[in-house]
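One structure below.
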Amino acid sequence: MSKFIFITGGVVSSLGKGISGASIGKLLQLRGLKVNMIKCDPYINIDPGTLSPYQHGEVFVTADGAEADLDLGTYERFLDVPMTKKNTNTTGTIYQAVIDRERRGDYNGVTVQVVPHITNEIKSRFIPFEKDFDVTIIEIGGTVGDIEGLPFLEATRQFKTERGRENVLNIHATLIPYIASAAELKTKPTQHSVNKLREIGIDPDILICRTEYPMPKGMKDKLSLFCSVAPEAVIEARDVSSIYQLPENFEKQGLTDLILKRLGLKAKKKNDGKWFRFINKATGTAGKKQINIGIVGKYAELKDAYKSIAESINLAGMSNNAEVKIKYVNTEKDAIPQSLKGLNGMIVPGGFGKRGIEGKIKAVKYARENKIPFLGICLGMQCAVIEAARNLAKLLEADSCEFAPKPKYPVISMMEEQKQVKNLGGTMRLGNYEAKLKKGSLAEKLYKKSVIHERHRHRYEFNTDYVPVLKKRGIEVSGWHKNLLPEIVERKDHPYFIGVQFHPEFASRPMKPHPLFDGLIKAALKKVA
Ligand code: GLN
């Protein structure tokens, strides 16, 4: 039977609850326990798939095809446990399940209510991993005090009563703001936030206090006194230069032992410190070559839109002893190619819609002609195909059917074969699909295998009618799904030029960088040798 840890947030959003939860999960894993994590998002959308990146940042895609919150990416990267549809819940999916049941007449004529029907449905979403994992960590999105989060908190309260305090731990993550004019850190917002949580019937066992500066002596005791939490259970979460340093900070404050004790869990092994040592070395700058990698897309000012890509670049840099600077280039506003000068490698990321496309195509041309290591992801690969068609094959009106209703040369289109595949998966090709790699290709060299499975999230494909003509111009398909759909294109006349129809960025881990990002960083390092 699993033990449960709930993480709630107080005072403000964006406190890094997901990172704190994942850090705790990592620490328990390093003691030999099996840990899984679940996200509950109080918004009403069924999933973030339809949300603008401005609202929500990137959409994380799971191997089984869920479109989920970017926190699931943090969970996967920290825990290396594959996330699934069961790891993500929203108010939308919960109400939908209850309403569907009501329409089928399953409630036998009773009045369907938030308590107990919605809360029962929520509680059923807390337990899918209880048989196979020692600990399930559940992050409740939003901030305590939000109206929409209430049913989740009520379900949490009930769950703790049902399962007993020895099986359920409540961790509350709050902010300790720094007031510059008084040069002081303040505990009052945390006190209020804990009170708010108590009103709902939840007493936190542990406080995680996000702070810009070290908490002065005595502040932990003060918080303990006012919030009724043991002093050793007040944990400082000071800002760190890399999120991967957080687990060690928590460990040093005794958090792992405290959690094990409170939940009556026994560690299955000692933490051998290997993970900490890797992170410490990898996040330092001593003796490292500096490289500049560009993310050339349309949400340059919105870093969360490319979260997993940025993490993948960082993780590949960490494994290659490189200090990587990421430059975000906006293909709508920035001058292309002028703003690409000085880049040692570049990524054209995925995206939807026509905005910024012409800048992306110009960026691909610049990377191709100037032999800048290039990785095109999904839309980025499609831009590489359009670029080659227009500039090399002289199909000047080549375009994607996504951007032009009936282009003269629809090099990117929705294909009959794909429609068959697509019908199995809804409106988009979502989640893992197999690809076979061509012998001797760059892709095969990077992956060191001939069959791969990667995550997809797109509607359009490289139109196979144009594969032969573009092959003559150096764009070769080196990965196929069932001999029907091109998955990877590459160029032999270039040090590193590869475009993929899928999203490799969701599969990077510390110590296990994704082969395509690893290859990009290695090629970029050669540029500065
Ligand atoms: N808009 C493109 C498509 O739907 C690419 C999607 C993406 O980059 N994720 O095919």
What does the charge add up to near Glu58, with Lys and Arg as +1, Asp and Glu as -1, over the other residues with Cβ less than 15 Å from its Cβ?
-3
Calculate what fraction, in whole %, of the accessible area of the chain sits on carbon and sulfur atoms when a 1.4 Å probe is rolled over the protein chains.
52
Tell me the mean residue ellipticity at 222 nm calculated for the chain from its helices only (DSSP H runs of n ≥ 4, each -39500 (n - 2.57), averaged over every residue, nearest 500).
-10000 deg cm²/dmol
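Estimate the FRET efficiency between Lys303 and Lys448 by the formula 1/(1 + (r/R0)^6), using the beta-carbon distance for r and 45 Å for R0, to the nearest 0.05.
0.90
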Measuring from label point to label point, each 7 Å out along Cα→Cβ, what is the Leu150 to Arg101 span in nm?
2.1
Average Cα contact separation per residue, the chain, under 8 Å, 6 or more apart, as relative contact order %
15
Does the stretch 272-391 classify as rounded, prolate or oblate by the C-alpha gyration tensor (a ≥ b ≥ c root eigenvalues; a/c under 1.5 gives rounded; else a/b over b/c gives prolate, otherwise oblate)?
prolate
Restricted to the chain, the DSSP antiparallel beta bridge percent, nearest 5, is 30
FRET efficiency estimate (nearest 0.05) - Cβ-Cβ, Thr111 to Ala335, R0 51 angstrom:
0.25
Find how many whole Å separate the alpha carbon centroid of the stretch 323-370 from the alpha carbon centroid of the stretch 220-268.
42
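Defining a contact as two alpha carbons under 8 Å apart and six or more residues distant in sequence, what relative contact order in percent does the stretch 343-493 show?
Once divided by the residue count of the stretch 343-493, the mean separation gives 19 percent.
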What is the distance, in nm, between label points placed 7 Å from the Cα along the Cα-to-Cβ direction at Asp257 and at Lys274?
2.4
The stretch 1-153 shape via C-alpha gyration tensor axes, a/c threshold 1.5:
prolate
Any chance you could list P(r) for the chain, counting all Cα-Cα pairs in 20 angstrom bins from zero, rounded to whole %?
21, 50, 26, 2
Calculate, in nm to one decimal, what Ala286 and Val469 gain on full extension: separation in residues at 0.36 nm each, minus their alpha carbon distance.
61.1 nm
The distance between the Cα centres of the stretch 75-141 and the stretch 7-63, in whole Å, is 15
Just to verify a number: what accessible area does Cys378 come out at with the full protein assembly present, 1.4 Å probe, Å² rounded to tens?
10
Cβ-defined net charge surrounding Gly474, 10 Å radius [Lys, Arg +1; Asp, Glu -1]:
+3
Report the gain in length on full extension from Lys436 to Asn45: 0.36 nm times residue separation, minus Cα-Cα distance, nm rounded to one decimal.
137.2 nm
At 7 Å along the Cα-to-beta-carbon direction for both Asp221 and Glu199, put a label point, then send me their distance in nm to one decimal.
3.1
Quick check for you: with a 1.4 Å probe and neighbouring chains kept, what is the accessible area per residue of the chain, in Å²?
42
Going by the alpha-carbon gyration tensor, a ≥ b ≥ c the square roots of its eigenvalues, is the stretch 395-518 rounded (a/c under 1.5) or, if a/c is not under 1.5, prolate (a/b greater than b/c) versus oblate?
oblate
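The values are calculated or read from the model by the stated rules, or taken from the named source; none is laboratory data. Computed from a predicted model, the values in this text were never measured in an experiment. For neighbour counting, all protein chains shown are included, and Cβ atoms are generated from backbone atoms with ideal geometry for every residue, glycine included. We work out accessible area using only protein heavy atoms, side chains counted, and drop any ligands, DNA or RNA first. Shrake-Rupley method; radii C 1.70, N 1.55, O 1.52, S 1.80 Å.
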